[in-house]
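The values are calculated or read from the model by the stated rules, or taken from the named source; none is laboratory data. These numbers were taken from a predicted model, which means no experiment stands behind them. Quick reminder, even Gly has a Cβ in these numbers, built from the backbone with ideal geometry, and neighbours come from all protein chains shown.
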Amino acid sequence: MLQFVSHPALDEIYRGIQDGLKESGYKDGENMTIVFQNGQADQSKLSTMSQQLIDKQSDVLIGIATPAAQALANSTSKLPIVLGAITDPVSAGLVESNEKPGRNITGVSDKSPVEAQFDLAVKLLPKAASVGILYSSAEENSKYQAAEAEKAAKALGLTVKSYVVPSSNEIAQTVQVMSSEVDVIYIPTDNTIANAMQTVVNEADKTKTPIIPSVDTMVEEGGLATVGINQYELGIQTGKMAADILSGKSDPATTPIYTFETGDIIINEAQAKKLGITVPEDILSEAKLVGTGSD
């Protein structure tokens with residue numbers, strides 16, 4: 001297993017993968033061995049780590065996040081690879097199509113319900129007129145979802161501005177600028193930003209600028225709300241797909257990429273109070289409440 005970096009969303013996926021394998025009868029240390037590598041956001045390490053996993057004569061490789069999956073795919077065209085949390089496997093050059101991957105690769109997409117996220121944002125923030133999209137230029141998955149987000153926001157009459165950071169070093173300063181220029185910050189599924197979520201929240205809180213992230217764990221860290229895929233459940237599904245390959249039940253080339261059809265409404269009630277935002281009762285009644293002070 002190769003994970004791009006440690007942050008709450010990807011760590012939850014890793015936990016889910018282990019449990020998904022276990023539910024399918026594969027227990028680490030009993031009838032299988034998990035070899036785990038973490039690139040800690042250093043893309044230069046991923047190729048070497050991929051080769052190390054191949055040299056271990058792995059039966060199945062699992063890539064958690066797009067950069068890790070791409071590194072594995074570039075290292076072997078023979079060993080089966082299962083994708084965990086890849087927003088757009090086609091654009092990432094990993095599969096021929098989501099319906100028929102056609103190679104040694106299948107897995108689970110973490111494509112978020114972007115339109116539903118913006119529908120929720122305008123209900124929570126009816127006075128918001130502008131949105132800033134914060135993402136990293138280094139991640140293909142983020143560029144794809146940023147374009148989707150821009151489309152969804154404009155369809156609702158919002159003014160959109162993109163803020164692209166080349167690395168985590170520019171995040172704090174960029175959020176300071178955003179907070180003075182837009183009414184709300186939107187974050188796509190982006191590992192660089194997720195890894196620095198506390199920095200984003202700290203800076204945005206200074207001007208009480210709400211954050212709509214695309215991932216449930218980022219709401220727990222101080223985002224206001226989202227309609228998101230449960231990352232642990234995503235991991236469970238990834239683990240089950242890996243188990244099916246291990247047992248010979250499925251072939252990656254003919255196994256469609258799994259995409260979640262719906263997401264859960266997640267609200268950080270404590271953050272809403274801090275920002276002075278009243279959450280409508282009809283939304284509260286459907287939402288999962290998270291965040292410090294709301295447990």
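Listed residues Thr199, Thr254, Thr238; which is closer than 18 Å to Thr66 by Cα and out of contact with any Ser or Thr (no Cβ under 7 Å at 6 or more places or on another chain)? When all the criteria are applied, what remains is Thr238. Taken over the stretch 132-168, the criterion of being more than 18 Å from the chain's Cα centre (by Cα) and under 17 Å from Thr199 (Cβ atoms) is satisfied by Gly132, Tyr163, Pro166. Restricting attention to the stretch 231-268, the residues that are more than 30 Å from Thr76 (Cα to Cα) and at pLDDT below 95 add up to 4.
Close contacts from the stretch 114-133, counting a first residue that is β-branched (Val, Ile, Thr) and a second that is not in a helix (DSSP H, G or I), with Cβ to Cβ under 6 Å and a gap of 6+ residues or different chains, come to Val122/Leu156; Val131/Leu158; Val131/Val160; Val131/Val182; Val131/Val184; Val131/Tyr186; Ile133/Ser162; Ile133/Tyr186. So how many residues does the stretch 119-152 have that are surrounded by fewer than 20 Cβ atoms within 10 Å (Cβ to Cβ) and assigned to a loop (DSSP other than H, G, I, E, B)? Number satisfying all stated conditions: 7. The residue that is farthest from Ala71 (Cα to Cα), among those in the stretch 87-114 that are buried (at least 19 other Cβ atoms within 10 Å of the Cβ) and charged (D, E, K, R), is Lys111. Taking every residue in the stretch 38-51 that is in contact (Cβ under 8 Å) with a residue 40 or more places away in the chain and pairing it with any residue that is in a loop (DSSP other than H, G, I, E, B) and of a type outside the set (D, E, K, R), at least 6 positions away or on another chain, the pairs with Cβ-Cβ distances below 6 Å are Ala41/Val5; Leu46/Gly39.
As a summary of the residue check, Phe4 satisfies the conditions (1) more than 24 Å from Ile133 (Cα to Cα); (2) crowded, with 24+ Cβ neighbours inside 10 Å except for the one numbered (1).
Collect the residues in the stretch 53-70 that are of a type in the set (Gly, Ala, Ser) and surrounded by fewer than 24 Cβ atoms within 10 Å (Cβ to Cβ), keeping them in residue-number order. Hit for the stretch 53-70 is Ser58, nothing else. The criterion of at least 3 residues that are surrounded by fewer than 23 Cβ atoms within 10 Å (Cβ to Cβ), of a type in the set (Ser, Thr, Tyr) and out of contact with any His (no Cβ under 7 Å at 6 or more places or on another chain) is met, among helices (runs of 4 or more DSSP H) falling completely within the stretch 157-258, by 171-181.
Checking every residue in the stretch 269-279 against the condition of being surrounded by fewer than 17 Cβ atoms within 10 Å (Cβ to Cβ) and at positive phi gives at least one match.
Counting residues in the stretch 257-266 that are at negative phi, hydroxyl-bearing (Ser, Thr, Tyr) and in contact with a strand residue (DSSP E or B) (Cβ under 7 Å, 6 or more places away or on another chain) gives one or more.
I'm trying to understand the selection: among the residues of the stretch 218-242, which are hydrophobic (A, V, I, L, M, F, W, C) and closer than 30 Å to Lys208 by Cβ?
Met218, Val219, Leu224, Ala225, Val227, Ile229
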